[in-house]
Amino acid sequence: SSAQSEEYKAMLEQYYDDFPTISVVEMKKLMEVKNVYILDARSKAEYQISHIKNAKLVGYEKFKLNAVENIPKEANIIVYCSVGARSQDIGKKLNKGGYTNVQNLYGGLFLWSNKKYPIVDASGNNTNNIHGFSEEWGKWITHGTVVY
């Protein structure tokens, strides 16, 4: 419902600052035409339930720049997590590390899934399962099967 997406937007505004974002619609288009590196800033457990195809797990708590040492500094990089708070932090660390073209996926994997865009499991197969992070956060998922 649009009411829920208004609520979702209001919730996101508490976590976002002026770090550059990209919409799920723009990201999906970009993935089709351009070489883009997609980084997942969640935990391994979350990633294994589901992630965006070809996304590289870089983690959050134990994130180190050497996780991305094979990515050129000027490459197109999009970072995401569940809603975008953790990925914004990782994006800033990437900027500090000299990466110049980093965007945060606005609304994160939850919004991606809510738009019914495809996600894959640990074996690369399409899935509807999505890690809700916690019950407090999982309520924002309106499409897919929430698992913890």
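About its Cα centre, what dipole magnitude does the chain give when the only charges are +1 on Lys and Arg Cβ and -1 on Asp and Glu Cβ, stated in debye to the nearest 20?
It works out to roughly 440 debye.
At most 12 other Cβ atoms within 10 Å and a DSSP loop assignment: could you name the trypsin sites (Lys or Arg not before Pro) in the stretch 6-48 that fit?
Values: sites: 9, 28, 29, 34, 42, 44; in loops: 34, 42.
Hits after loop and neighbour filter: 34.
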Query raised in the report: By how many degrees, 0 to 90 and rounded to 10, does the Cα axis of helix 85-96 deviate from the longest principal axis of the chain?
Result: 10
**Report entry** Gaussian network model of the chain, Cα within-10 Å springs - most flexible of 109, 57, 65
**Finding:** 65
**Report entry** Centre separation in Å (Cα based) which lies between the stretch 109-148 and the stretch 1-71
**Finding:** 13
Report task. Of the options 105, 45, 55, report the single residue whose Cα projects farthest towards the positive end of the charge dipole of the chain (beta-carbon charges: Lys, Arg +1; Asp, Glu -1). Result -> 55
Query - Antiparallel DSSP beta bridges within the chain, percent to nearest 5 - result: 20
Query raised in the report: Under 25 Å Cα-Cα from residue 29, which lysines qualify once same-chain neighbours fewer than 8 residues away are excluded?
Result: 9, 53, 56, 73, 92, 115, 116
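Per the helix-only calculation at 222 nm, which mean residue ellipticity applies to the chain, given -39500 (n - 2.57) for every DSSP H run of n ≥ 4 and division by its residues, nearest 500 deg cm²/dmol?
Values: 6 runs with 51 residues, N = 148.
Theoretical 222 nm ellipticity from helices: -9500 deg cm²/dmol.
Values quoted throughout were computed directly from the atomic coordinates according to the rules given, and no laboratory measurement underlies them. Here the structure is a predicted model, which means the values were calculated and not measured. Here the Cβ is made from the backbone with ideal geometry for all residues, glycine too, and neighbour counts use every protein chain on show.
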